[in-house]
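*Asks:* The structure's right below; bear with me while I get my questions together.
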């Protein structure tokens, strides 16, 4: 089941959304079942409060329980108050409409919350990664899901640097997973490179997480959203996880990718407040890297950011940001660093090469943030002072080779390929 709009002036109505939910999650599907809904955190744009309310209205009375979990991946856990704000639930509604509902964070950082459900064997990893990795990888997941009869993935689909397009099975891996598997497939995405992955539907990492999904013996269905902003839903697809995600990814490719006729020597990306550390604010780089000309610079304007990563920042200050081959040429030097951290490092630094042991990045990446200049230099990124940087100086200058992007981080920018 699915509905979509492709005009910027036409969005799905609540009545249409309600119809999709009702048809996919009829009483035959939900009656008497314990249901867990997996949602994004604050780093994704979507009309989550509307979706939570409609979903709860339609199936809350037939299910034996309807609970919600924020699929954090390795992001910072939210407070109870922050979860209610994310879902648009008032204090009064918490005590009335949602009084029998439980709200959870995925606590990837607490090993006791995880359970090992199997392994992906070395031969399979080698095949799915197209020879890039050759290792046997354990698959761990939040054990709470096995207390439920049905899992509903409720989240948006955007171009994504690790898997190609977000959503679908990604809400389980890494959304509610952890351990070696998470770091393995993030590193695989880095080896493939961000430009070789983002906005591509069928990728090695997507194949790996689809393989991991086969180890989950709880029924999983999906409500995959395609959005333009917080309140506008252009597409909604319901059904089996892989199929619903696939249709949403097709629409996302039309809605969330802008193709430019040229590259720009300077690209100024405004990092929105929903990214409150470089760990997530790096998405500005991921979505804009490809429209920066060789030798050009990407400016990430994020004066509100003061942390590299609240979780992984100590690792990042130790290793800094580097091109992929910097890590591939000296792997023994980084054996104690989680590979997901290495992946983040090279995704933010971007495409480049090593020449006689010296890094040669394709472009410069410059932070305009509350992170001090000495720290930026230490982690191998450029620095501009937010107090003296005026975004208006970069607006409306495309003819001069300067591209300004408001609310960067979700819309992928490509350069049109020459015939």
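The values are calculated or read from the model by the stated rules, or taken from the named source; none is laboratory data. Quick caveat, the model's predicted, so the values are computed rather than measured. Counting neighbours? That spans all protein chains shown, and the Cβs are built from the backbone with ideal geometry, glycine included.
*Asks:* Of all residues being surrounded by fewer than 17 Cβ atoms within 10 Å (Cβ to Cβ) and out of contact with any strand residue (DSSP E or B) (no Cβ under 6 Å at 6 or more places or on another chain) in region 360-374, which is nearest to residue 251 (Cα to Cα)? Just the residue, please. Step through it out loud before you land on a result.
*Replies:* Residues of region 360-374 that are surrounded by fewer than 17 Cβ atoms within 10 Å (Cβ to Cβ), as a first pass: 360, 364, 370, 372-374.
Narrowing further to those that are out of contact with any strand residue (DSSP E or B) (no Cβ under 6 Å at 6 or more places or on another chain): 370, 372, 374.
Values: 370: 37, 372: 40, 374: 43 Å.
Checked region 360-374; the qualifying residue nearest to residue 251 (Cα to Cα) is 370.
*Asks:* Taking region 21-47 on its own, how many of its residues are free of Cβ contacts under 8 Å to residues at least 24 places away in the same chain and not in a loop (DSSP other than H, G, I, E, B)?
*Replies:* Adding up the residues that qualify gives 1.
*Asks:* Still on this structure: Name every residue in region 276-303 that is in contact with a strand residue (DSSP E or B) (Cβ under 8 Å, 6 or more places away or on another chain) and surrounded by fewer than 18 Cβ atoms within 10 Å (Cβ to Cβ), in order of residue number.
*Replies:* 293, 295, 297, 303 - these are the residues of region 276-303 that are in contact with a strand residue (DSSP E or B) (Cβ under 8 Å, 6 or more places away or on another chain) and surrounded by fewer than 18 Cβ atoms within 10 Å (Cβ to Cβ).
*Asks:* Being under 21 Å from residue 49 (Cβ atoms), under 15 Å from the mean Cα position of the chain (by Cα) and not assigned by TED's automatic domain parsing to the domain that holds residue 161 is true for just one of 274, 225. Which residue is that?
*Replies:* Working: 225 fails: not assigned by TED's automatic domain parsing to the domain that holds residue 161.
Unique residue meeting the criteria: 274.
*Asks:* Could you please let me know if residue 393 is in the same structural domain as residue 299 (by TED's automatic domain parsing), loosely packed, with under 15 Cβ neighbours inside 10 Å and touching a helix residue (DSSP H, G or I) at 6+ places or on another chain (Cβ under 8 Å)? Quick ask: steps written out before the conclusion?
*Replies:* Details: in the same structural domain as residue 299 (by TED's automatic domain parsing): yes; loosely packed, with under 15 Cβ neighbours inside 10 Å: yes; touching a helix residue (DSSP H, G or I) at 6+ places or on another chain (Cβ under 8 Å): no.
No, not satisfied.
*Asks:* One residue is enough: does region 90-97 have a residue meeting the conditions buried (at least 19 other Cβ atoms within 10 Å of the Cβ), touching a residue at least 12 places away in the same chain (Cβ under 8 Å) and touching a helix residue (DSSP H, G or I) at 6+ places or on another chain (Cβ under 8 Å)? It would help to see each step written out before you state the result.
*Replies:* Filtering region 90-97 for residues buried (at least 19 other Cβ atoms within 10 Å of the Cβ) gives none.
For region 90-97, residues buried (at least 19 other Cβ atoms within 10 Å of the Cβ), touching a residue at least 12 places away in the same chain (Cβ under 8 Å) and touching a helix residue (DSSP H, G or I) at 6+ places or on another chain (Cβ under 8 Å): absent.
*Asks:* With 360, 392 as the choices, which residue is under 11 Å from residue 322 (Cα atoms), outside any loop (DSSP other than H, G, I, E, B) and more than 23 Å from the chain's Cα centre (by Cα)? Give the steps one after another, and end with the answer.
*Replies:* Numbers: 392 fails: under 11 Å from residue 322 (Cα atoms).
From the options 360, 392, the qualifying one is 360.
*Asks:* Might you let me know whether region 143-154 holds any residue that is touching a helix residue (DSSP H, G or I) at 6+ places or on another chain (Cβ under 6 Å) and surrounded by fewer than 19 Cβ atoms within 10 Å (Cβ to Cβ)?
*Replies:* The answer is no, given that none of the residues of region 143-154 is touching a helix residue (DSSP H, G or I) at 6+ places or on another chain (Cβ under 6 Å) and surrounded by fewer than 19 Cβ atoms within 10 Å (Cβ to Cβ).
*Asks:* Mind listing whichever residues of region 77-100 are part of a loop (DSSP other than H, G, I, E, B) and either within 26 Å of the chain's Cα centre (by Cα) or not assigned by TED's automatic domain parsing to the domain that holds residue 55 (or both)?
*Replies:* First, the residues of region 77-100 that are part of a loop (DSSP other than H, G, I, E, B): 77-79, 88-90, 96-100.
Answer for region 77-100, where residues must be part of a loop (DSSP other than H, G, I, E, B) and either within 26 Å of the chain's Cα centre (by Cα) or not assigned by TED's automatic domain parsing to the domain that holds residue 55 (or both): 77, 78, 79, 88, 89.
*Asks:* Name the pairs: first residue in region 407-419 and more than 27 Å from residue 46 (Cα to Cα), second residue modelled with pLDDT of 95 or more, Cβ to Cβ under 6 Å, at least 6 apart or on different chains?
*Replies:* 416/259; 416/261
*Asks:* Answer yes or no: is there a residue in region 303-321 that is assigned to a helix (DSSP H, G or I), over 19 Å from the mean Cα position of the chain (by Cα), free of Cβ contacts under 8 Å to residues at least 24 places away in the same chain and farther than 20 Å from residue 41 by Cβ.
*Replies:* Pass one, region 303-321, residues assigned to a helix (DSSP H, G or I): 313-319.
From what is left, the residues that are over 19 Å from the mean Cα position of the chain (by Cα) are 314-319.
Filter again for free of Cβ contacts under 8 Å to residues at least 24 places away in the same chain, leaving 314, 318.
Those left that are additionally farther than 20 Å from residue 41 by Cβ: 314, 318.
Yes, region 303-321 contains a residue that is assigned to a helix (DSSP H, G or I), over 19 Å from the mean Cα position of the chain (by Cα), free of Cβ contacts under 8 Å to residues at least 24 places away in the same chain and farther than 20 Å from residue 41 by Cβ.
*Asks:* Can you tell me which residues in region 396-419 are more than 22 Å from the chain's Cα centre (by Cα), surrounded by fewer than 14 Cβ atoms within 10 Å (Cβ to Cβ) and in a loop (DSSP other than H, G, I, E, B)? So that I can check it myself, show each step before the final result.
*Replies:* The first filter runs over region 396-419 and keeps only residues more than 22 Å from the chain's Cα centre (by Cα), leaving 396-404, 415-419.
With the extra rule that they be surrounded by fewer than 14 Cβ atoms within 10 Å (Cβ to Cβ), the set shrinks to 396, 398-400, 416-419.
Those that are more than 22 Å from the chain's Cα centre (by Cα), surrounded by fewer than 14 Cβ atoms within 10 Å (Cβ to Cβ) and in a loop (DSSP other than H, G, I, E, B): 396, 416, 417, 418, 419.
*Asks:* Surrounded by fewer than 22 Cβ atoms within 10 Å (Cβ to Cβ) and closer than 25 Å to residue 65 by Cα, is that true of residue 171?
*Replies:* Values: surrounded by fewer than 22 Cβ atoms within 10 Å (Cβ to Cβ): no; closer than 25 Å to residue 65 by Cα: yes.
Spelling it out, it is not the case that residue 171 is surrounded by fewer than 22 Cβ atoms within 10 Å (Cβ to Cβ) and closer than 25 Å to residue 65 by Cα.
*Asks:* Give the residue that is nearest to residue 137 (Cα to Cα), with candidates limited to residues of region 218-239 that are surrounded by fewer than 18 Cβ atoms within 10 Å (Cβ to Cβ) and at pLDDT 95 or above.
*Replies:* Going residue by residue through region 218-239, those that are surrounded by fewer than 18 Cβ atoms within 10 Å (Cβ to Cβ) are 218-219, 228-232.
Checking which are at pLDDT 95 or above leaves us with 218-219.
Working: 218: 21, 219: 23 Å.
That would be 218.
*Asks:* Which strands (runs of 3 or more DSSP E) sit wholly inside region 180-298 and have at least 3 residues that are in contact with a helix residue (DSSP H, G or I) (Cβ under 6 Å, 6 or more places away or on another chain)? Full working, then the answer.
*Replies:* Working: elements: 219-229, 232-240, 257-260, 264-270.
It comes to 219-229, 232-240, 264-270.
*Asks:* Determine whether residue 328 is surrounded by 12 or more Cβ atoms within 10 Å (Cβ to Cβ), within 23 Å of residue 284 (Cβ to Cβ) and in contact (Cβ under 8 Å) with a residue 40 or more places away in the chain.
*Replies:* It is false that residue 328 is surrounded by 12 or more Cβ atoms within 10 Å (Cβ to Cβ), within 23 Å of residue 284 (Cβ to Cβ) and in contact (Cβ under 8 Å) with a residue 40 or more places away in the chain.
*Asks:* Here's something else I'd like to know. Take the residues of region 179-205 that are in contact with a strand residue (DSSP E or B) (Cβ under 6 Å, 6 or more places away or on another chain) and under 14 Å from residue 341 (Cβ atoms): which is surrounded by the fewest Cβ atoms within 10 Å (Cβ to Cβ)?
*Replies:* Ranking the qualifying residues of region 179-205, first place goes to 180.
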